[in-house]
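The values are calculated or read from the model by the stated rules, or taken from the named source; none is laboratory data. Because the structure is predicted, anything quoted here is derived from the model rather than measured. Quick reminder, even Gly has a Cβ in these numbers, built from the backbone with ideal geometry, and neighbours come from all protein chains shown. Just the protein is used for accessible areas: all its heavy atoms, side chains included, with ligands, DNA and RNA removed. Shrake-Rupley method; radii C 1.70, N 1.55, O 1.52, S 1.80 Å.
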Amino acid sequence: MKKCSFFLSFILITVLFTSCEEPWQPLFNGENLDGWETFIGTPLKGFEEIHAQAITDKVFKVVDVDGEKLIHITGEVNGSLATVDTFANYHLELVFKWGEQVYTTRNSGLLYHSFGDFGDALGTWMTNIECQLMHENLGDTYLMNNTCCETEATKTDEGFRFSKGGELTQFGKDFNGPGIKKAVDAENPLGEWNTVELYSVGRTTVHVVNGQVTMVNTNTGVNEEDGIRPLSSGKIQIQSEGGDLFIKSVRVKPIKEIPAEILQ
């Protein structure tokens, strides 16, 4: 009887613990772009005429593909699809794949901790930290404007690469440069879906591509005249930047800590 009571108590505690976990909240409702803002920035080099005729409702729209509603970003101009809301201490999941149309390169990014005005960064985007979505660079970090971070890294012939246990190095345009290469290539072949996860708690962010950790950034901030201002929240942007892509889902849930197994 005591064993039975203990077992039932264990199940009850497990159920209560599980029920306390915050549920996922979709950022794409599967019908339209409610909750998002759109912006067209600079033209792609050599495609100025397309830029002159571009409209946001064409560059960013919801399409039906084989009975499934997807977000389609044409990539024909530099542009931003940005959340209206600001997020802090969260786990975000983005499922996307590349289309067939390429103007310059298959380039895009999941831009987080975004703040300020459209156009502040490279004439198109809000200031941000980027989880690179570019084909063959999926999971890299790129720091726009004066954003910065510290990352364990190893210097290679191709630049700095995230390396667990490497030297803790400060990055940003005012430090060792704005780019950090991913630790591992986890991208799926062109035409297949990729799942990108972003963990963000406090000033630590982790990029995960198809279940593999590609980057851990710490002490995220903004380098200003009087020192580094902590940066731990902001809007989410997804880029239009040279190639078309489809988004199946974007969802987010609040978290209090990054799972230990992710940081190992």
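On the given criteria, is residue 159 surrounded by fewer than 23 Cβ atoms within 10 Å (Cβ to Cβ) and out of contact with any helix residue (DSSP H, G or I) (no Cβ under 8 Å at 6 or more places or on another chain)? Taking the combined requirement at face value, the residue satisfies it. In the range 200-210, what residues are open to solvent by 20 Å² or more (accessible area, probe 1.4 Å) and within 15 Å of residue 113 (Cβ to Cβ)? Across the range 200-210, the qualifying residues are 201, 202, 203, 204.
Within the range 76-91, the set of residues being of a type outside the set (Ser, Thr, Tyr) and farther than 19 Å from residue 56 by Cα comprises 85, 87, 88, 89, 91. Reported count of residues in the range 211-234, each being touching a residue at least 24 places away in the same chain (Cβ under 8 Å), open to solvent by 50 Å² or more (accessible area, probe 1.4 Å) and either under 30 Å from residue 43 (Cβ atoms) or not β-branched (Val, Ile, Thr) (or both), is 5.
Could you identify the single residue in 107, 128, 145 that is touching a residue at least 12 places away in the same chain (Cβ under 8 Å), over 23 Å from residue 224 (Cβ atoms) and outside any helix (DSSP H, G or I)?
107
Right, residue 121: under 29 Å from residue 206 (Cα atoms), open to solvent by 10 Å² or more (accessible area, probe 1.4 Å) and out of contact with any Phe, Trp or Tyr (no Cβ under 9 Å at 6 or more places or on another chain) or not?
The answer is no for residue 121.
For the range 173-192, residues that are in contact with a Lys or Arg (Cβ under 9 Å, 6 or more places away or on another chain), open to solvent by less than 70 Å² (accessible area, probe 1.4 Å) and part of a loop (DSSP other than H, G, I, E, B) total 4.
Take the range 124-139 and flag every residue that is out of contact with any His (no Cβ under 7 Å at 6 or more places or on another chain) and either surrounded by fewer than 24 Cβ atoms within 10 Å (Cβ to Cβ) or not aromatic (Phe, Trp, Tyr) (or both).
Of everything in the range 124-139, those that are out of contact with any His (no Cβ under 7 Å at 6 or more places or on another chain) and either surrounded by fewer than 24 Cβ atoms within 10 Å (Cβ to Cβ) or not aromatic (Phe, Trp, Tyr) (or both) turn out to be 124, 126, 127, 130, 132, 133, 134, 135, 136, 137, 138.
Among the residues in the range 244-253, are any surrounded by fewer than 16 Cβ atoms within 10 Å (Cβ to Cβ) and either over 25 Å from residue 23 (Cβ atoms) or touching a helix residue (DSSP H, G or I) at 6+ places or on another chain (Cβ under 7 Å) (or both)? Within the range 244-253, none of the residues are surrounded by fewer than 16 Cβ atoms within 10 Å (Cβ to Cβ) and either over 25 Å from residue 23 (Cβ atoms) or touching a helix residue (DSSP H, G or I) at 6+ places or on another chain (Cβ under 7 Å) (or both). When residue 142 is tested against (1) open to solvent by 40 Å² or more (accessible area, probe 1.4 Å); (2) in contact with a Lys or Arg (Cβ under 9 Å, 6 or more places away or on another chain), only condition (2) is not met.
With the structure loaded, tell me whether residue 169 is of a type in the set (Val, Ile, Thr), open to solvent by less than 50 Å² (accessible area, probe 1.4 Å), over 21 Å from residue 251 (Cα atoms) and assigned to a strand (DSSP E or B) or whether it fails that test. Outline the logic, then answer.
On the way: of a type in the set (Val, Ile, Thr): yes; open to solvent by less than 50 Å² (accessible area, probe 1.4 Å): yes; over 21 Å from residue 251 (Cα atoms): yes; assigned to a strand (DSSP E or B): yes.
So residue 169 passes the test.
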